[in-house]
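Asks: Sharing a structure here in structure tokens format.
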Amino acid sequence: MEDATLFIPGSLQNAAVFTIALAFAGYLLTYLSNRMMARRADRLRLVNQRINDFYGPLYVATVAGNIAYKSLLAKQGKTHCHPIRDEDLGEWVLWMKTIFMPLNDVREKIIIENAHLIVEEEMPQCLLDFVTHVVGYKALLQKWGEGNYTERRSMIGWPPEFDLYVEQSYRALKAKQTRLLHNSLWRLWRRISRSSK
């Protein structure tokens, strides 16, 4: 009988230790899961901000500018705008003032005001070149406003890698956003957190 009474407290002790260990493991698992989900939420927030405030608007304005540019060339029966012929000058000035420069101004503002959202550690050269190109056109438009049409294009050329950079960055961020949104653990966490509110 004494052996049986000694055995019961020992098994109760083991059960208590097991219960504590299980509770600690549950707490640790919850802590790690919450931490992982918080990091994922932070990454998703940053990706969303980069898309919404930088790469998305930059991409849309760039695509719109390219479509407009190709439309103007098609209207003039050209494949390149060089050279701007005398008979094309009026149309070129009109499109620069009403379409291209407003789009350039939008893109310049996005780059300057949201430079902190670029993906790279360093400012990509094509973005700096684009802003410089726009500044060149601002000076040219001032001359045009004074009636001086001796120059027809900005002295600072369009950076050829700009369009590709914008498109690739936008698409890469959209893919990252999709991965973050469609991860099964993330979806489960979102359901649980919504149902607990």
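Asks: What is the angle, in °, between the Cα long axis of helix 56-76 and the longest principal axis of the Cα atoms in the chain? Nearest 10 is fine, range 0 to 90.
Replies: For helix 56-76, the angle is close to 30 degrees.
Asks: Now for a different question. Can you compute the charge dipole magnitude of the range 1-113 about its Cα centre, using +1 on each Lys and Arg Cβ and -1 on each Asp and Glu Cβ, nothing else charged? Give it in debye, rounded to the nearest 20. Kindly include the intermediate steps, with their values, before the conclusion.
Replies: On the way: 13 positive and 11 negative charges, 71 e Å.
In total the dipole reaches around 340 debye.
Asks: With everything on Cα atoms, drop me the angle between helix 86-95 and the longest principal axis of the chain, reported from 0 to 90° to the nearest 10.
Replies: Result, in degrees: 30.
Asks: Working out 0.36 nm times the residue gap between Ala21 and Arg171, then minus their Cα-Cα distance, what length gain in nm do you get to one decimal?
Replies: Numbers: separation 150, 0.36 × 150 = 54.00 nm, distance 4.65 nm.
Contour length minus Cα-Cα distance gives 49.4 nm.
Asks: Per Stokes-Einstein, at 4 °C and 1.567 mPa s, what whole-number D in µm² s⁻¹ belongs to the range 71-171, with the Kirkwood radius over Cα pairs as the hydrodynamic radius?
Replies: Working: Rh = 14.9 Å.
In µm²/s, the coefficient is 87.
Asks: How far apart, in nm, are two points set 7 Å out from the Cα along the Cα-to-Cβ line at Leu181 and at Tyr31?
Replies: 3.4 nm
Asks: Moving on. What do you get for Rg/Rh over the range 29-72 if you use C-alpha atoms and the Kirkwood form of Rh?
Replies: Details: Rg = 18.0 Å, Rh = 12.7 Å.
Rg/Rh for the range 29-72 comes to 1.42.
Asks: Relative to the Cα centre, what is the charge dipole magnitude of the chain, using +1 at the beta carbon of each Lys and Arg, -1 at the beta carbon of each Asp and Glu, and rounding to the nearest 20 debye? Provide the component values of the computation, followed by the final result.
Replies: Numbers: 26 positive and 20 negative charges, 160 e Å.
In debye, rounded to 20, the chain gives about 760.
Asks: For Asn148 and His82, calculate 0.36 nm times their separation in residues minus their Cα-Cα distance, and state this gained length in nm to one decimal.
Replies: Working: separation 66, 0.36 × 66 = 23.76 nm, distance 1.91 nm.
Gain on extension, Asn148 to His82, equals 21.9 nm.
Asks: What number results when the radius of gyration of the range 92-136, computed over Cα atoms, is divided by 2.2 N^0.38 Å? Write down the numbers at each step before the final one.
Replies: Details: Rg = 11.9 Å, N = 45, 2.2 N^0.38 = 9.3 Å.
For the range 92-136, the normalised Cα radius of gyration is 1.28.
Asks: Spin-label point model (7 Å from Cα, Cβ direction): what's the Leu89 to Leu141 distance in nm?
Replies: Here the answer is 2.0 nm between the modelled labels.
Asks: Give the residue from Ala16, Thr30, His82 lying farthest towards the positive end of the charge dipole for the range 11-85; charges sit on Cβ (+1 for Lys and Arg, -1 for Asp and Glu) and the dipole is referred to the Cα centre.
Replies: Going by the Cα projections, it comes out as His82.
Asks: Also, quick follow-up: Just name one of Leu44, Ala139, Val106: the one whose Cα is farthest towards the positive end of the charge dipole of the range 2-195 (beta-carbon charges, Lys/Arg +1, Asp/Glu -1).
Replies: Positive-end residue among those listed: Leu44.
Asks: Next question, about the same structure. Among (i) 17.0; (ii) 18.9; (iii) 21.7, only one was calculated for this model; which label is it, if the read-out is Kirkwood radius over Cα pairs in Å?
Replies: (iii)
Asks: Here is a further query. What is the extension gain from Ser196 to Ala115, computed as 0.36 nm multiplied by their sequence separation minus the C-alpha to C-alpha distance, in nm to one decimal? Numbers along the way, then the final one.
Replies: Details: separation 81, 0.36 × 81 = 29.16 nm, distance 3.76 nm.
Full-extension gain reported as 25.4 nm.
Bear in mind these aren't lab numbers, they're just calculated from the coordinates by the rules spelled out. Everything numeric here is computed off the predicted structure, so don't read it as measured data. Heads up, the Cβs are rebuilt from the backbone with ideal geometry, glycines too, and the neighbour counts pull from every protein chain shown.
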